[in-house]
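I have placed the structure first, in the form of structure tokens, so that the comments after it can refer back to it.
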Amino acid sequence: MKKRILICLERLDIGGVETAVITQAREYKRRGYEVTLIAKSGCYSEILKKEGFKLYEYDFTLTNELILSKEIENIIEENKITEIHIHQYPCLLHILPWAMIKKIPYVIYIHSSVPTTYEWFEKTYPIFNFIFPIAFKNAEKIVTIRKEEEKINKERFDIKDRGKYYYLKNSLDLEEMNKYQSNKRDKNKILIIGRICAEKEKMIISGINFALKYKERNKNIKITVVGDGQKLEELKEKYPENVEFYGKTTDVFNFMKDYGIIIAADRCVLEALALNRITILSSYEGNLDLVTKNNIKELSHDNFSGHKMKNNENLLDVIHSLTKKQIEEIINENQKYINKNHNIKINILDENLKYNLKEEIEPLFSGLEYFTKKLIEEQQISKKLWEENQSLYQEINQLNAKLNKSFLQRIKNYRKKDEVK
């Protein structure tokens, strides 16, 4: 039977998860599978439509309830979906019920390397306290990009089946990237890439500060920051000179090929290495180091997040002293590693998935019923407290009115006494 894959993610916009999903979708399509994407519209939407993908716009709203959307049911039935790939947790609220009702095998991808992600969802949207265990236990596969995620997930949700996990390194379409290869590696041009948000602010600032220090040694240095986010305007004000802020782009590879040094984290590091650039990893904590054959394996296992990486205090001297020969050696060794370990053609889940879900639809919906009842009870308590507060406010207003009346009467009495005198 021909595979008909439904890929679910929040939005088709700029980001590491999004570009990883798009790379995956393209590879499935090359293999002859029918690929349908469901996500909120973003800058990649029109690009994918032109490439012939079936694309449905949908808002995976985060809420405290399961959503039985008729729209999703229609998408599944019209496209005769045989397997579902879930890339972000908000999608679970909308997709999980239909996967179980329609008996379609599904895969959950764990992209995030932030250990507190589960806690945030469970605390902010308590429905995930019972959604997560059911979703993970019944998933046909759980795909992780870091081996540590398997251990965390397995222990947290008490999953015994080791065969359920599938370790898959973040990967690129290397053949596609060959179109952007360039032998020009100008050390005078530094590119800093990343989403300019609170989570990655230290990474961006650390990269900018390094580039500015490098500029003190060479006045001809050009510094460009590519990325968008809520912190963009703030950084523009902080660095009004010597730094060009470009903003959002869907053509990041063309930017990369024109710069000699690239500072980034996560998937952008992987892309820079594939394009044979001198690549500096700037971690979320703000630590920096040059990616070489000595550390690339360790950094790769942590998905180039740099969480475990120490700051290289001598990095400025190292970069400044690099010869052309040393640069060639570094990029060639890095390229060998990328070709062997991060090629989408060999790093993709392509198995015959079968429906093996346990009979957990009932607890899923009974859990929802219990949760809904609790919410209603809390709402009723809140309503009662609100009504009591309103009643108290009325009493206070009445007392204030009496006090004001009494106060005004006293003033009138005093005025009368003064008039008699």
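The values are calculated or read from the model by the stated rules, or taken from the named source; none is laboratory data. Please read all numbers here as calculations on a predicted model, not as lab measurements. Cβ atoms come from the backbone with ideal geometry, glycine included; neighbour counts cover every protein chain shown.
For this structure, a couple of remarks:
- Scope region 317-337; condition within 18 Å of residue 220 (Cα to Cα) and of a type in the set (Asp, Glu); matching residues: 317
- Criterion violated by residue 195 - all others in (1) at pLDDT below 90; (2) closer than 20 Å to residue 278 by Cβ; (3) not small (Gly, Ala, Ser) satisfied: (2)
- Region 227-262: number of residues that are part of a strand (DSSP E or B), of a type outside the set (Phe, Trp, Tyr) and either touching a Phe, Trp or Tyr at 6+ places or on another chain (Cβ under 7 Å) or without any contact (Cβ under 8 Å) to a residue 24 or more places away in the chain (or both): 2
- Residues located in region 25-58, provided they are crowded, with 20+ Cβ neighbours inside 10 Å and under 20 Å from residue 229 (Cβ atoms): 39, 44
- Apart from one condition, residue 232 fits all of (1) of a type in the set (A, V, I, L, M, F, W, C); (2) under 21 Å from residue 111 (Cβ atoms); (3) under 20 Å from the mean Cα position of the chain (by Cα); the exception is (2).
- Failed criterion for residue 7 (all others in (1) modelled with pLDDT under 95; (2) farther than 20 Å from residue 228 by Cβ hold): (1)
- Elements of type helices (runs of 4 or more DSSP H) in region 95-212, at least 3 residues being among the small types (Gly, Ala, Ser): none
- Filter result (under 26 Å from residue 302 (Cβ atoms) and out of contact with any Leu (no Cβ under 7 Å at 6 or more places or on another chain)) within region 92-112: 92, 108, 109, 110, 111, 112
- Scanning region 301-319 for residues that are over 25 Å from the mean Cα position of the chain (by Cα) and surrounded by 13 or more Cβ atoms within 10 Å (Cβ to Cβ) turns up 312, 315, 316, 318, 319.
- Meets criteria (surrounded by 14 or more Cβ atoms within 10 Å (Cβ to Cβ), in contact (Cβ under 8 Å) with a residue 12 or more places away in the chain and under 30 Å from residue 214 (Cβ atoms)) for residue 165: no
- The number of residues in region 67-99 being in contact with a Pro (Cβ under 7 Å, 6 or more places away or on another chain) and surrounded by fewer than 20 Cβ atoms within 10 Å (Cβ to Cβ) comes to 1.
- Filtered residue count, region 168-186, keeping only those that are surrounded by fewer than 23 Cβ atoms within 10 Å (Cβ to Cβ), in contact with a Leu (Cβ under 7 Å, 6 or more places away or on another chain) and not hydrophobic (A, V, I, L, M, F, W, C): 2
- Elements of type helices (runs of 4 or more DSSP H) in region 1-92, at least 2 residues being within 15 Å of the chain's Cα centre (by Cα) and free of Cβ contacts under 8 Å to residues at least 60 places away in the same chain: 16-30
- Residue match in region 161-179 (condition: modelled with pLDDT under 90 and over 30 Å from residue 30 (Cβ atoms)): yes
- Only one of the numbered conditions (1) within 29 Å of the chain's Cα centre (by Cα); (2) loosely packed, with under 15 Cβ neighbours inside 10 Å; (3) more than 24 Å from residue 16 (Cβ to Cβ) is not met by residue 297, and that is (3).
- Residue match in region 4-24 (condition: surrounded by fewer than 14 Cβ atoms within 10 Å (Cβ to Cβ) and outside the structural domain of residue 264 (by TED's automatic domain parsing)): no
- Applying the set (1) closer than 21 Å to residue 146 by Cβ; (2) surrounded by 15 or more Cβ atoms within 10 Å (Cβ to Cβ) to residue 261 leaves exactly one unmet item: (1).
- Checklist (1) under 27 Å from residue 318 (Cα atoms); (2) of a type outside the set (Ser, Thr, Tyr); (3) under 23 Å from the mean Cα position of the chain (by Cα); (4) surrounded by 18 or more Cβ atoms within 10 Å (Cβ to Cβ) applied to residue 223, failing item: (3)
- Residue match in region 237-246 (condition: more than 20 Å from the chain's Cα centre (by Cα), under 21 Å from residue 23 (Cβ atoms) and either outside the structural domain of residue 324 (by TED's automatic domain parsing) or surrounded by 19 or more Cβ atoms within 10 Å (Cβ to Cβ) (or both)): no
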